[in-house]
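**Q** Sharing a structure with you now.
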Amino acid sequence: MQSSERIKCIIIGSGPAGYTAAIYAARADLKPVMIAGMEPGGQLMTTTEVDNFPGYPDGVQGPKLMDDLRKQAERFGTVVRYEFVSSVDFSSRPFKVTVNEKDILFADSIIISTGATAKWLELESEQRLRKISGGVSACAVCDGFFFKGQDVAIVGGGDTAAEEATYLANICKKVYMIVRKDFLRASKAMQSRVEHTANIEMLYNHETIEVLGDKGVSGALLKNVKTGAQKKIDIAGFFVAIGHHPNTSVFKGKLDLDEQGYIKTIPGTAQTNVEGVFASGDVQDKTYRQAITAAGSGCMAALDAERWLASKGNH
Ligand code: NDP
């Protein structure tokens, strides 16, 4: 049976951006309803130790951080629903959000915080070691510190890989940069930086066949795509920086997205091209991608939503 209801502020997605938006929206009495999505808690649910979220001097496990954020949002009255958004209609107000392919919610304002998902090589060894937190990571800023003074590798030839390679080079003894083509896609400035960093060894024309190690990464087996020659490198950490997918398929054609599918916001605000629809977190940020920056932009989205509703006499 189909049901419908009217809500002042719907938050779509439940990572650090969504929960922070929820805390602010609930405290501003917007009575937010959060649709938590297919992977409640977002990317931090598959992370172990988080050492860079301010306020946790001893670090915190990713799932515990998300649980704390959820409890804080619920303490002020956020209603969290473990459902998913199957379609949206932003062509008229109130906005229409269909959940679980059947129930229609009407919303006066919407905050989108559906995040982004890291791309992986999809090797069996990579996924096995990633799942046991055995030294495979898609975030150098989050996990580089664990490999201080050791040798690591990073896969990718874009700006993210180049930036993360130089970040890792400051912490680690040596960084192998594994690039499948014979050139980098990164900007000229970033190319020059990696090529002039003494402890980064460029491995052009190489792809990864296997990440080696049982309980933790001990090496990687690579293949030269031009000659077919195989090569083993000894490393303690394996970083993958081959891009992210913003989780925006449901918003295609409904909001302005950039060429990679990220939601466009007006700089300095969380406002999208549709008045009353706001976006925060990794779904609109391909540069910083940190839990704390996502949380900060979630706060901005809730403040923008509250002010917008007030300007319409709806709050
Ligand atoms: P990109 O899509 O730009 O680059 C991905 C890289 O990964 C490419 O070199 C690609 O190789 C490689 N790759 C993809 N799939 C595989 C695979 N299966 N095996 C091996 N290698 C693979 O992603 P980024 O995350 O680097 O950047 C995304 C966007 O964000 C870009 O527009 C970038 O400029 C921007 N950005 C800007 C920053 C800044 O300005 N400071 C910082 C970070 C990102 P190939 O080239 O062969 O396709």
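Read-outs throughout are calculated quantities, based only on the coordinates presented, and are distinct from any laboratory measurement. Remember, predicted model here, so these are calculated numbers, not experimental data. With ideal geometry, Cβ positions are generated from the backbone for all residues, glycine too; neighbour counts draw on all protein chains shown.
**Q** Could you please rank Trp308, Trp120, placing first whichever residue has the fewest other Cβ atoms within 10 Å of its Cβ?
**A** Trp120, Trp308
**Q** Within the range 124-146, name every residue whose backbone N is under 14 Å away from a label modeled 7 Å from Cα of Ile292 along the Cβ vector.
**A** Counting only backbone N, you get 141-143.
**Q** With r defined as the distance between the Cβ atoms of Asp103 and Leu221 and R0 fixed at 51 Å, what FRET efficiency is calculated, to the nearest 0.05?
**A** Working: r = 49 Å, r/R0 = 0.97.
Computed FRET efficiency for Asp103 and Leu221 comes out at 0.55.
**Q** Quick query: amide H of Met177 versus all other amide H atoms, modeled in the peptide plane; which residues come in under 5 Å with a sequence gap of 5 or more or a different chain?
**A** Ile154, Glu201, Met202, Leu203
**Q** So what is the relative contact order for the range 262-315, in percent, with contacts set as C-alpha pairs under 8 Å and at least six apart? Display every interim value, and only then the final one.
**A** Numbers: 60 pairs, mean separation 17.7, N = 54.
Once normalised by length, the contact order is 33 percent.
**Q** Amide H to amide H, which residues 5 or more places from Ile7 or on other chains are under 5 Å from it, using H placed in the peptide plane?
**A** So Ile7 has HN proximity to Phe106, Ala107, Asp108.
**Q** Give me the distance in nm between label points sitting 7 Å out from Cα along the Cα-to-Cβ direction at Ile132 and Asp182, one decimal.
**A** 4.0
**Q** Please compute the net charge surrounding Glu5, taking Lys and Arg as +1 and Asp and Glu as -1 over other residues with Cβ under 15 Å from its Cβ.
**A** On the way: positive: Arg6, Lys8, Lys31, Arg81, Lys96, Lys102; negative: Glu83, Asp103, Asp108.
So the surrounding residues net to +3.
**Q** Okay, next question. Under 4.7 Å Cβ to Cβ, no partner at all: give me those cysteines from the chain, in residue order.
**A** Cys9, Cys172, Cys299
**Q** Please name whichever of Pro57, Gln72, Ser91 sits farthest to the positive end of the charge dipole of the range 54-101, dipole taken about the Cα centre and charges placed at Cβ: Lys and Arg +1, Asp and Glu -1.
**A** Ranked along the dipole, the leading option is Ser91.
**Q** Grab the DSSP H runs of the chain that are 4 residues or longer, score each as -39,500 (n - 2.57), total them, divide by all residues and round the 222 nm result to the nearest 500 deg cm²/dmol.
**A** Numbers: 7 runs with 80 residues, N = 315.
Rounded to the nearest 500, the figure is -8000 deg cm²/dmol.
**Q** I'd like to know which of Gly253, Ile111, Gln284 lies farthest towards the positive end of the charge dipole of the chain, counting +1 on Cβ of Lys and Arg and -1 on Cβ of Asp and Glu.
**A** Gly253
**Q** Using the number of other C-beta atoms within 10 angstrom as an exposure proxy, rank His244, His206, His196, His315 with the fewest first.
**A** With the fewest neighbours first, His244, His206, His196, His315 line up as His196, His315, His244, His206.
**Q** Enter the Cα centre distance for the pair the range 210-246 and the range 1-77, rounded to the nearest angstrom.
**A** Using only Cα atoms, the two centres lie 34 Å from each other.
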